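Student: Below you will find the structure I want to go over with you.
Here, each number is a calculation from the coordinates, and none is a lab measurement. Since the structure is predicted, the reported quantities are computational estimates derived from the model, not experimental observations. Note that each Cβ is placed from the backbone with ideal geometry, even for glycine, and that neighbours are counted across all protein chains shown.
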Number of protein chains: 2
Amino acid sequence: MDSTNLREALRDYIKKFIHLSEEEFELLCDLFSYRKLEKREHLIKAQERCDRIIFTANGYFRFYHWNDKGIEITSDFYFVPSYTSFLTGDPSLVNVQAMESMEVLEISKSDLEKLYVKSRNIETLARKLAEMIAINSERHLFLLLGQTAETRYKELMEKYPQYIQSIPLQYIASYLGITKESLSRIRKSIH
Amino acid sequence: MDSTNLREALRDYIKKFIHLSEEEFELLCDLFSYRKLEKREHLIKAQERCDRIIFTANGYFRFYHWNDKGIEITSDFYFVPSYTSFLTGDPSLVNVQAMESMEVLEISKSDLEKLYVKSRNIETLARKLAEMIAINSERHLFLLLGQTAETRYKELMEKYPQYIQSIPLQYIASYLGITKESLSRIRKSIH
DNA sequence: GAATATATTTGACAATTGTTAAAAAAATCA
DNA sequence: TGATTTTTTTAACAATTGTCAAATATATTC
């Protein structure tokens, strides 16, 4: 996949949310810059401020931080690096790392805000993205709350089988709120 | 607090997000309707579709659902009843209940969408609300993941002492992902 | 204020999950 | 391919949390 293909993927992605005119899409696209990421490369590290949004068509990012005991906790697999930091301007609580080598388009917060003023549709797009992110978090919360670890894992298998296939189990475990050893036991007891 | 006061509280609340002209605020206000809720009254029940946003200046709502075993799980204390259902149009997964008798202003989704067309600022307000809700969920997620129950409780005490004071502990426990008995033990061991 | 309902705590025990250290399996890289 | 790194599994044991049933405490209602 090269820069042009990625651009087309972005176009398809945006179509799911809103119809942009060709001019609007060009306006937006011109402010995105293309970049290659190495596997394990960090998009952002904890304490840094996140001032951009990333689009990618291949691969996931991993969000992680360290708890009180210094254990690494994976909190999400997503594509907007530290959305909270992006919105608030506060330092990011999470590290965001490319799970595989990938190509991305990135746009800065300030450029995006300029576009809001120029194009109403682009602001509407931003609203719908925020809504989608809110829905995503709510879904993760719902998964975590009030279910046993086994149920959580089964639900993830059903709803996001691609996660289980492409993401190391140690990170899945963390996303489910358990240790990798616990997940391993659960997998054993299921099969 | 009467209808007029609630309206002023709404004005103050909105100011935190965006400056609306007096005309825009009137436009918005006219579509909100005033309503009194009894303690324990449900704003929405699971399986219903949520087609409105609520504003209140006094009191919380409780979001809850039942897990596989029929145990009641409290997932949030918030003021937009089932935001996911509101956005997607899908049936709500949660019940939303007034924690105390309160007065609210409510606006329907269709009215709100009409306003988006009439006023750009009101759409911007909607974007900022979505962003705030996304941040809220992320914060809750972060609290749940990778910390012991005791740490979670202490963190909640620090950051949201008003929750501990005004919300029954059984619901707090659930919000922290544990049983009321566990929370009771934790409180005992802390004091 | 007494009666009733709701919320919180307690204790004994069971089940789940975490911890540690090590082995086995799989993936990566030169 | 072979060596190295990373990931996953295993096992024994410890710690945490859940379950159930009952007692206490608190709040609500008439």
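Student: Need the C-alpha centroid separation for segment A:112-140 versus segment B:127-169, integer Å.
Tutor: 24 Å
Student: In whole Hz, with x marking every Gly and Pro, tabulate ³J(HN,Hα) for segment B:161-169 from phi via Karplus 6.51 cos²θ - 1.76 cosθ + 1.60, θ = phi - 60°.
Tutor: With coefficients 6.51, -1.76 and 1.60, one gets x, 5, 5, 4, 6, 9, 10, x, 4 Hz.
Student: On a 0 to 90 degree scale, rounded to 10, what angle separates helix A:149-159 from the longest Cα axis of chain A?
Tutor: Between the helix axis and the principal axis of chain A, the angle is about 40 degrees.
Student: Is there a simple number for the mean count of other chain Cβ atoms within 10 Å of the Cβ of residues in A:115-121, and what is it?
Tutor: On the way: counts 0, 3, 1, 0, 0, 5, 0.
Shielding by partners across A:115-121 averages 1.
Student: May I pose another question? Over segment A:3-119, calculate the relative contact order: mean separation of alpha carbon pairs under 8 Å at least 6 apart, over the residue count, as a percent. Mind dumping the intermediate values first?
Tutor: Values: 210 pairs, mean separation 42.2, N = 117.
Reported relative contact order: 36 percent.
Student: Something else now. Kindly express, to the nearest 10 degrees and within the range 0 to 90, the angle between helix A:22-31's C-alpha long axis and the longest C-alpha principal axis of chain A.
Tutor: Helix A:22-31 and the main axis of chain A meet at about 70 degrees.
Student: What is the helix-to-structure angle for B:120-144, meaning the angle in degrees between its Cα long axis and the longest Cα principal axis of chain B, kept from 0 to 90 and rounded to the nearest 10?
Tutor: In chain B, helix B:120-144 runs at an angle near 0 degrees to the longest axis.
Student: With only Lys, Arg, Asp and Glu charged, each at its Cβ (+1 for the first two, -1 for the last two), find how big the charge dipole of segment B:3-118 is about the Cα centre; round to the nearest 20 debye. Numbers along the way, then the final one.
Tutor: Details: 16 positive and 20 negative charges, 47 e Å.
Here the size comes out at about 220 debye.
Student: For labels at residue B:90 and residue B:47 in the simple 7 Å Cα→Cβ model, what's the distance in nm?
Tutor: 1.7 nm
Student: Have a look at A:29, A:112, A:50 and report the one farthest towards the positive end of the charge dipole of segment A:3-119, computed about the Cα centre with Cβ charges (Lys/Arg +1, Asp/Glu -1).
Tutor: A:50
Student: Which one, A:121, A:58, A:67, has the greatest fluctuation when you compute a Gaussian network model over chain A with C-alpha springs under 10 angstrom?
Tutor: Maximum fluctuation in the GNM of chain A, among the listed residues, is at A:67.
Student: How far is the Cα center of segment A:20-37 from the Cα center of segment B:44-77, in Å?
Tutor: 40 Å
Student: Would you mind ranking B:61, A:25 by Cβ crowding within 10 Å, fewest neighbours first?
Tutor: Details: B:61 27, A:25 19.
Listed from fewest to most nearby Cβ atoms, that is A:25, B:61.
Student: Which of the pairs A:45/B:159; A:15/A:36; A:109/A:180; B:45/B:159; B:15/B:180 have their Cα atoms more than 27 Å apart in this structure?
Tutor: A:109/A:180; B:45/B:159; B:15/B:180
Student: A further question on this structure: Beyond 20 Å, how much of the Cα-Cα pair distribution for segment A:17-120 remains, as a whole percent?
Tutor: Details: 2319 of 5356 pairs.
Counting every Cα pair in segment A:17-120, those more than 20 Å apart make up 43 percent.
Student: How big is the Cα convex hull of the protein assembly as shown in projection, averaged over all directions, in nm²? Mind showing how you got there, number by number?
Tutor: Numbers: hull surface 80.4 nm².
Over all viewing directions, the protein assembly as shown projects a mean Cα-hull area of 20.1 nm².
Student: Something else about it: On average, how many beta carbons from a partner chain sit within 10 Å of the beta carbon of a residue in A:174-184?
Tutor: Working: counts 2, 2, 1, 6, 1, 1, 0, 0, 0, 0, 0.
What the average comes to for A:174-184 is 1.
Student: Would you mind ranking A:104, A:117 so that the residue whose beta carbon has the fewest other beta carbons within 10 Å leads the list?
Tutor: Details: A:104 22, A:117 10.
In order of increasing Cβ crowding within 10 Å: A:117, A:104.
Student: Any idea what the residue B:170 label distances to the other copies are, label 7 Å down the Cα→Cβ vector, nm, shortest first?
Tutor: Counterpart label points of residue B:170 in the remaining copies fall at 4.2 nm.
Student: Kindly put B:44, A:18, A:107 in sequence by how many other C-beta atoms sit within 10 Å of each C-beta, fewest to most.
Tutor: A:18, A:107, B:44
Student: In peptide A:141-151, how many Cβ atoms from other protein chains are near each Cβ within 10 Å, on average?
Tutor: Numbers: counts 11, 9, 1, 6, 13, 15, 6, 3, 0, 0, 3.
Per residue, the average neighbour count from other chains is 6.
Student: Right, something else. How much of the calculated P(r) for chain B lies past 23 Å, in percent of all Cα pairs? Each step should come with its number before you reach the end.
Tutor: Values: 8669 of 18145 pairs.
When every Cα pair of chain B is considered, 48 percent fall beyond 23 Å.
Student: Okay, next question. Would you mind working out the magnitude of the charge dipole of the protein assembly as shown relative to its Cα centre, with +1 at each Lys and Arg C-beta and -1 at each Asp and Glu C-beta, to the nearest 20 Debye?
Tutor: Details: 54 positive and 56 negative charges, 254 e Å.
The calculation lands at about 1220 debye.
Student: While we're on this one: Assume the label is 7 Å from Cα along Cα to beta carbon: what separations in nm does residue A:51 have to the matching positions in the other copies?
Tutor: 4.5
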